[in-house]
Structure formats: C-alpha cells, structure tokens
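A short worksheet on the structure shown next.
Derivation of every value follows stated rules applied to the coordinates shown; laboratory data play no part. Note that the structure is predicted; figures quoted are calculated from it, not measured. Don't worry about glycine lacking a Cβ; one is built from the backbone with ideal geometry, like all the others, and counts go over all protein chains shown.
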Amino acid sequence: MNITTDDRPLPADCETMLDVRKGVDALDRALVLMLAERQRYMDAAARIKTDRHTVLDTARIEDVVAKVKVAALGAGLSEEIAEPVWRTLIDRCIAYEFGVWDQIRGVRKD
C-alpha cells in the first residue's frame, strides 16, 4: 500500500475545505488498512504466546510509546496527538489480543 498514490492534494496545496476533506478521507482509508495489518499482528501474538499473562507487557508498551514519540518528532507529529492515540491503540489491541488468545484456547468468559 502506498498512500502517496491516492488522487489527493498535498496539505500545502489545499485551497478549499473539499480539498482538505479529500486528503483526510484518503488518509483515513490508508490508516484503516494499516490498522487492520496491525490487528493481524495481534492475532499472531495471541497464537504465539503460550501464557495469557504475557499478553499485557508493560515494558513493551512503554518501549512502543517511546519509539512512537521519536518517530512523531521526526515526522512533525505533535506528541500531544501521538502519545494518547498510541496509548489508546495499544490498550484496544491488548483487549483484542486477550479475546483472541481466549478464543484460540477455548477459554470461556461467563
């Protein structure tokens, strides 16, 4: 997937709100594809991890957030956007992974 192949204006070239919305909508479609791929990695993690307690890894969470903050700085993304978005994303991915882990192993939640 290459998000630069969409027929969308660059932000600096936007002249109308229609241009802005076209760009945002194209990026949202690309983000959905990328998040779906990230989710498939959660499927793989749930399949690979043998102990349910390893699904939540606080050290890994902090490592991911630290790396995202560095990447955000380099990309010009505000840390005030990046950190809370990724913390929410990680939280939801962990919840998803717990569900998949349980499903794979036939764990019933009554």
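One table, with the values for the structure above:
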| read-out | value |
| --- | --- |
| Residue list for segment 31-55, restricted to those being within 11 Å of W101 (Cβ to Cβ) and without any contact (Cβ under 8 Å) to a residue 40 or more places away in the chain | I48, T50, D51, H53, T54 |
| Candidate set: segment 97-110, residues that are touching a helix residue (DSSP H, G or I) at 6+ places or on another chain (Cβ under 7 Å) and buried (at least 16 other Cβ atoms within 10 Å of the Cβ); chosen: the one nearest to V32 (Cα to Cα) | E97 |
| Flag if R21 is closer than 30 Å to A95 by Cα, of a type in the set (D, E, K, R) and surrounded by 11 or more Cβ atoms within 10 Å (Cβ to Cβ) | no |
| Selected residue [farther than 30 Å from K109 by Cα, free of Cβ contacts under 8 Å to residues at least 12 places away in the same chain and surrounded by 14 or more Cβ atoms within 10 Å (Cβ to Cβ)] from A26, A12, A72, A66 | A72 |
